[in-house]
Amino acid sequence: MTSITLMSERGVLSFLTAQLESALPGATFRHWSEPGAADAEIAVCWAPPKGALASMPNLRLIHSIGAGVDNILSDPALPDLPVCRVVDPKLAAAMAEFILWGTLYFHRRFDEVTANARAGHWHRLEQMAAGDKRVGILGLGAMGERAARLLSQVGYQVSGWSRSPRQVDGVTVHAGEATLDGFLDQADILVCLLPLTPATSRLLNAERLARLPKGAALILVSRGEHLVVDDLVGLIRSGHLRGAILDVFDHEPLPPDHPLWREPGVLVTPHMAGLAKPRVIAEQIAENIRRLKAGEPLLNRADPARGY
Ligand code: GLV
């Protein structure tokens, strides 16, 4: 019998329970706070409490419920066990759609149009062609590449930044740390899709955001920790930046009284840009448990040295 512990704050993984139970018939499920939870062989995680995984003597597999494993690898006491993530093939397409919407939102000035509509103002704002807008995608992994291709097909001038060189049709690629400033200098709309690692944490600070051209906008769909929120707000208030769509935050859900909800220029969306479907998450976890028991190679293992 397989014993599984759900490692997260209570309630966070409840959207998944029914799918996990049907994908893993006969398995036992406990929340981390229940007696006996530390005896489990499998930990299914979203931001597990730090140090908790190290106190599980029978643990054999640590499985993220998402594409990101930053919230697991950041545990300083992480045991030396396989960490796997979920790769939903439909997620990159969903993420690219959200980024296309966000790009159109700023490019076609829906931030202003929506405010005018609420106020009953018929005001036809000047519109630019997509080919006159420069979109910069920070992070050219599977998701960044998909979004870059889609935006390029729509006609935007698309550039991308990645740590190592790569080629994407229709996209100007800037590779390596030394090219970052030049990449930022020409992004009218900056999209952040980087994995969260110690090297990328708080990368979007005042100095880097100030490099963006005047009137530029930010779309943040990676992790809240990529951004220094106060620096962004300062640059929007000073008029250097036009605004931002923020889909991810240091602490989620963003509390109802958080000032970002009401900050002019900022649109908060509830971590919806790209999430794996519960059925896909449950099936991939079940398949990896089967593989673990059969001694077969696990799917989608994270590389703790690389950080994702
Ligand atoms: C979502 O942010 C994920 O990591 O899947």
Notebook entry, point to check: Across the range 161-198, what is the total count of residues that are within 20 Å of residue 222 (Cα to Cα) and in contact with a His (Cβ under 9 Å, 6 or more places away or on another chain)?
Noted result: 9
Notebook entry, point to check: Of all the residues that make up the range 118-142, how many are assigned to a loop (DSSP other than H, G, I, E, B), more than 23 Å from residue 199 (Cα to Cα) and touching a residue at least 12 places away in the same chain (Cβ under 8 Å)?
Noted result: 5
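Of all residues in the range 55-114, count the ones that are within 22 Å of residue 191 (Cα to Cα), in a loop (DSSP other than H, G, I, E, B) and either among the polar types (S, T, N, Q) or away from the ligand (no atom under 16 Å from the Cβ) (or both). First the steps, then the outcome.
From the range 55-114, those within 22 Å of residue 191 (Cα to Cα) are 66-71, 87-114; that's our starting set.
The next check asks that each one be in a loop (DSSP other than H, G, I, E, B); those that pass are 66-69, 87-90, 108-109.
Cutting the leftovers down to either among the polar types (S, T, N, Q) or away from the ligand (no atom under 16 Å from the Cβ) (or both) gives us 108-109.
Looking only at that region, the number is 2.
If I filter the range 101-135 down to residues being among the hydrophobic types (A, V, I, L, M, F, W, C) and in contact with a Ser or Thr (Cβ under 9 Å, 6 or more places away or on another chain), which single residue comes out as farthest from residue 247 (Cα to Cα)?
Narrowing the range 101-135 to residues among the hydrophobic types (A, V, I, L, M, F, W, C): 101, 104, 106, 110, 113, 115, 117, 119, 122, 125, 128-130, 135.
In the following step, the residues that additionally are in contact with a Ser or Thr (Cβ under 9 Å, 6 or more places away or on another chain) were identified as 130, 135.
Working: 130: 23, 135: 18 Å.
My answer is 130.
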Item checked: Whichever residue in the range 1-28 is in contact with a strand residue (DSSP E or B) (Cβ under 9 Å, 6 or more places away or on another chain) and open to solvent by 50 Å² or more (accessible area, probe 1.4 Å) and, among such residues, is farthest from residue 275 (Cα to Cα) -> 1
Check: Name the pairs whose Cβ atoms lie under 7 Å apart, with the first residue in the range 153-170 and within 15 Å of residue 107 (Cβ to Cβ), the second at pLDDT 95 or above and hydroxyl-bearing (Ser, Thr, Tyr), and 6 or more positions between them or separate chains?
Finding: 156/103; 158/152
Checklist line | Looking only at the range 246-269, and only at residues there that are free of Cβ contacts under 8 Å to residues at least 60 places away in the same chain and within 12 Å of the ligand (Cβ to nearest atom), the one that is farthest from the chain's Cα centre (by Cα) | finding: 252
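The values are calculated or read from the model by the stated rules, or taken from the named source; none is laboratory data. In this text the structure is predicted, and so the values were computed from the model without any measurement. Ideal geometry is used to build each Cβ from the backbone, glycine not excepted, and the neighbour counts take in all protein chains shown. Note: accessible area is taken over every heavy atom of the protein model, side chains too, but ligands, DNA and RNA are not part of it. Shrake-Rupley method; radii C 1.70, N 1.55, O 1.52, S 1.80 Å.
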